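Accompanying notes for the structure given below.
The values are calculated or read from the model by the stated rules, or taken from the named source; none is laboratory data. The shown structure was predicted, so the numbers you read here are calculated from the model rather than taken from an experiment. Note: ideal-geometry Cβ built from the backbone for every residue, glycine included; neighbour counts use all protein chains shown. What goes into the accessible areas is simple: the full protein's heavy atoms, side chains included, and nothing from ligands, DNA or RNA. Shrake-Rupley method; radii C 1.70, N 1.55, O 1.52, S 1.80 Å.
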Amino acid sequence: MSDGLSGDDDTQRLIEATRRLASEAARLYGPRTDIAERHYWLETMVNHIPDYIYAKDLQGRFLLANEATVRDNGFSEMHEIVGLTDFDLHAEDIAARIADGERQVIASGEAIIGLEERAAVDKGNERWLMTSKVPLRDKLGRTIGTVGVSRDITDRKRAEQLMIGQTRVLEMIAKDTPLDDLFRELILMIEAHVPGVQGAVYMLTEDGQRLMKGVAPGLDPSYTAAIEGFPIGPNSGSCGTAAYLGQPVFVGDILTDPLWAAYLDVVQPFGFRACWAAPLLSFHGKVLGTFALYAKTPGLPADPVSDLIAMAARLAAIAIERREAAERIHFMAHHDALTGLPNRSMLDGHMEKAMTAARETGEWVALAFLDLDNFKLVNDSLGHNAGDELLRTVAQRMSLCVRKGDMIIRVGGDEFIILLTGLQADRELVLSRFEGIRSAIARPMTLAGQTLQVTCSMGVVCYPEQGESTGELLANADAAMYRAKAFGRNNLKLFSSEMADAARAKLVQVEALRQALEQGEFVLHYQPQLDLASGCVFAAEALVRWNHPRHGLISPADFVPLAEETGLIVDIGEWVLDAACRQNRAWQDAGLPSLIVSVNVSARQFAEKAWVSRVARTLADTGLDPQFLELELTESLIMQDVPQAIATMHELEALGVRLAIDDFGTGYSSLSALKRFPVSRLKIDRSFVKDIPGDEDDMAITAAIISLAQKLKLDVIAEGVETQEQLDFLRESGCNEIQGYWVSRPLPPLAFVSQFAPGLALEAMSA
C-alpha cells in the first residue's frame, strides 16, 4: 500500500491518534459507555489504520475487514467482502499461497510474524507487504480462524533492492567488469526502480566533441544507432547539452523544448516525450559521458528520481575512471613514461610470437641493441630537459621507420631494442633496414636552440641464425653493440661466432670474479709513498691483486675493468676498504709508527647512496682513526656530477677522512671546480712523469701542476717515479712527495713492513 505505515514515526502517530480517539470517547461517554458504543469506537480506530486488518474463519472466509482491506480489494462496504475467500478475489496461485500460510497457523496454533511477501493487489506497481497472522480463538481457547495484519513496505523494499543493486554495481567496478556489462546492470537497476522509463549511458569520443554509441538495453537499437556521433553543444538534446554544460538537463516535453528542435525527426518515430540526462563527471570535474532516462509520457522527474539519476551518473563515472586508471597503470607498467615506447617487459611475449611465426613461414626475425653515442655530453652541456627531448625525438624517428608488427623498446637511459619481424632471409636486406634507422636518427635536430647531430652504435642479430631464444639473442645483440662501440662508435656490427666466443669467455671471467670474491682470493699489496724532505715513508697505497688458485697473482688491469662493467667493483671496493683499514690498525697495534693508508674509490662506489655511511661503519668496525685513511678520487669520477661529488666529499671530510685527487691532469676538471673540492692532495698522473726528462711538454705540465697545488696550499705527489732523473726534476720543481718503482714496487704486508717500517729514513735518498 502506498500510504501504508513505515517506520517508528508512523507508528508513533498511529498510537497518538488512537489515544486521542480513546480520550475523546472517555470524555463524551464516561465509564458507562455501552457495548455498542465501544464497538463503534473500536471499529473507528481500526478503520483509521491504513494497514490491512482482517479476520477469517477456518475455511478462509472473511469474517471482518477494515476499510483499507475492503477498499483495496475493490469494495465499498465491509459486508460485501464478508463470506468471500481469497480464491474469490485473486488469481489461483496467489490465493493458494495465502491459504497455505493460514492453514499453517491454524494447524500449529502458532503465529507467523513479519513475513515479507508480494502484495496480491498491486495498484499498477509491484508492491510488498509485511504480514503477521495469529490464531483467532473463541472464549474456550479453541482456534476458529485467523487474524491478519499486513503493512505496505514497498518503499523500504525498493530502497533495499536499490542498495543491493548499488552494491552489486560497486562489486562489478572493483572486479573490473567490462563497462558494457556494468552499464547494462546499472541501467536495469534504475529501470526496475522507476517504472515506465528506459535508460542509456553514452560516452564521449576521444576528442570530447561527440557522444559515442551507448549501452541502452531497453532502447530500440535503431535509435541508439541513429544518435551515434551526436555532437555536444548548447542545443543538442538532453544528453548533448548536459555533456556540453557539465550539468543535468531535464526535458519534460521533447516536442516543445528548443533543445530538441533540431532532432525531432530522429526521436519522434520512437515515441519519446521526456528525456532526463546527467553528465558523468570525473573526480576533477571532467565530462566523461552522460546518463539518461527516456519516458514516453511528458513530465519532469520527481525528486527521488532526480536523486537516482545523479546516483547512476556517479556510479557510471566511477566505473569509467576506474577503467581509465587501470588502463593507465597497465600502460605505465609496459611502456616507458618518457617516450611512450614499450618497455622491456613487453619484449618476451612479442618475441615468442615473432619467432613462432618465423618458424612457420621460414622468414627471419631481427633484433638490434642500440646505444646513442655521447648522450651524456648532451645531458651535461644542454641539460636534462634537452636530453629528454632528444630521446623523444629519437623514439619518434625510429617508430616512423618500422612496420606494424615491429617493435621499438626503450631499455633505459639511451639504450633501445629494435625488433623487426617478417623479414626475408637476406642478411643485406636486414642490415639495410637497420642502416635506414641509423640514418634517420642521425638527421640534424635542434635542441635548446642548438642544432646538432646524434649518432648511434648498433649490434644486430638474426633469428634463427644467431640465437634460438630471446635471452640468447639479446646477449648476442648486446655483445655486437659493444663491438660496434669499440670500433669508434657511429657503427653497426652484425653478431659473429668470434663475438660469441668472446661473450662466453667474458661470462666465464665474470663468474670466476664472483667466486673469487666469495672465496677470499683477493689480496692487498702496499706501495710506499715517500716524503722527499724527510726521506721517510709516510703512507702506503693499497692495491688489490687477484691471487688466482691456478694462475697466481693477476694484475688489477686484467680484472678491474670487467668488475666495473658488471658492478662487482662495488663489492670488491668495499672489501679493499675494509681490508686496508684492518691492516693499518693491525700495524698500529703491533707498535709500528702510524702511517696513512690510501684506498682507491671507483665511480660506482662513490655513486652509492650509502657510501659515506659505509666508510664510517668500516672505520668504526676496524677501530682506525679517520686521519689515517685517505680516499683517492679520480678527476673523471668527480666531474660526472660536480655538485653531488662536492656534497659527498664534504660528508667524508666531516668524518675526518683525507681526500686526494688521483690521476690529476687527465680528467679535464676546471680550476673553478678544483678550488671547491675539499681535498688535501693532488696526485700527478704517471703519464706526465714517464717521459721526463725527454718530453718538454710533460715537464711543463708537471711543473704547472706542482705550482698550482702549492698556490692552492695542497700537497702534491707524483706517481710512476722510476728514475733518478725524474726524481731530480720533481724535487727541483717543488714536488714534496713521490711514489713509484724508484722507491719500491707494491709489496705484500709482511714484505712492506720489513723493508719500509714507517719512520725509517732511506739511506739511498742522500744521493
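General observations
- Rounded to the nearest 20 debye, the dipole size of segment 570-679 about its Cα centre is 180 debye, using +1 on the Cβ of Lys and Arg and -1 on the Cβ of Asp and Glu.
- Anisotropy class of segment 227-313 from Cα gyration tensor, a/c 1.5 cut: oblate
- Peptides 596-603, 82-89, 682-689, 447-454 ranked from most to least packed by the mean count of surrounding Cβ atoms within 10 Å: 682-689, 596-603, 82-89, 447-454.
- Point-charge dipole on Cβ atoms (K/R +1, D/E -1) for the chain, about Cα centre, debye to 20: 1120
- Across Trp742, Trp260, Trp41, the residue with the most accessible area heads the list, and the full order at a 1.4 Å probe is Trp742, Trp41, Trp260.
- Pairwise FRET efficiency - Glu228 versus Gln453, Cβ, R0 = 56 Å, nearest 0.05: 0.70
- The trypsin sites (Lys or Arg not before Pro) of segment 454-543 that DSSP puts in a loop, and whose beta carbon has at most 16 other beta carbons within 10 Å, are Arg489.
- In order along segment 395-403, the phi-based Karplus estimate (6.51 cos²θ - 1.76 cosθ + 1.60, θ = phi - 60°) of 3J(HN,Hα) comes to 4, 5, 5, 5, 4, 6, 8, 10, 9 Hz; Gly and Pro are listed as x.
- Packing around the peptides 623-631, 155-163, 457-465, taken as the average count of other Cβ atoms within 10 Å per residue, puts them in this order, highest first: 457-465, 623-631, 155-163.
- Rounded, prolate or oblate (a/c below 1.5 giving rounded, otherwise prolate when a/b exceeds b/c) for segment 301-438 by Cα gyration tensor: oblate
- Maximal additional length on extending the Ile164-Arg322 stretch stands at 54.8 nm, based on 0.36 nm per residue less the C-alpha distance.
- Sites Asp589 and Lys675, calculated FRET efficiency, Cβ-Cβ separation with R0 45 Å, nearest 0.05: 0.70
- Separation in nanometres of the label points that stand 7 Å from Cα toward Cβ, at Ser613 and Ala486: 3.9
- The angle between the Cα long axis of helix 427-442 and the longest principal axis of the Cα atoms of the chain comes to about 90 degrees, rounded to the nearest 10.
- Based on protein heavy atoms only, segment 259-396 ends up with 49 Å² per residue of surface accessible to a 1.4 Å probe.
- Integer Hz, Karplus 6.51/-1.76/1.60 couplings in order for segment 186-193, x for Gly and Pro: 4, 5, 4, 5, 5, 4, 5, 8
- (i) 93, 37, 26; (ii) 50, 31, 27; (iii) 83, 41, 20, with the label sought being that of the calculated semi-axes √(5λ) of the Cα gyration tensor in Å: (i)
- Sites Gln247 and His334, calculated FRET efficiency, Cβ-Cβ separation with R0 45 Å, nearest 0.05: 0.75
- If you sort Asp57, Asp571, Asp303 by accessible surface, 1.4 Å probe, largest first, the order is Asp303, Asp571, Asp57.
- With a simple spin-label model that places each label point 7 Å from the Cα along the Cα-to-Cβ direction, the separation between Asp180 and Arg403 comes to 3.2 nm.
- Pairs beyond 20 Å (Cα-Cα), from Lys157/Lys296; Lys353/Lys485; Lys353/Lys493; Lys123/Lys157; Lys56/Lys139: Lys157/Lys296; Lys353/Lys485; Lys353/Lys493
- Total charge dipole magnitude, segment 300-348, about the Cα centre, Cβ charges on Lys, Arg, Asp, Glu only, Debye to nearest 20: 100
- Approximating the spin labels as points 7 Å out from Cα along Cα→Cβ, the Ala700-to-Ser754 distance works out to 4.8 nm.
- Expected 222 nm ellipticity per residue - DSSP helices of 4 or more, -39500 (n - 2.57), all of the chain, to 500: -14500 deg cm²/dmol
- Each of Gly214, Ile98, Tyr482 was scored by the projection of its Cα onto the charge dipole of the chain, and the greatest displacement toward the positive side belongs to Ile98; charges sit on the C-beta of Lys, Arg, Asp and Glu.
- Heavy-atom accessible area for Glu327, with the other protein chains in place and a 1.4 Å probe, reaches approximately 110 Å².
- In Å², nearest 10: area of Lys675 left accessible to a 1.4 Å probe: 150
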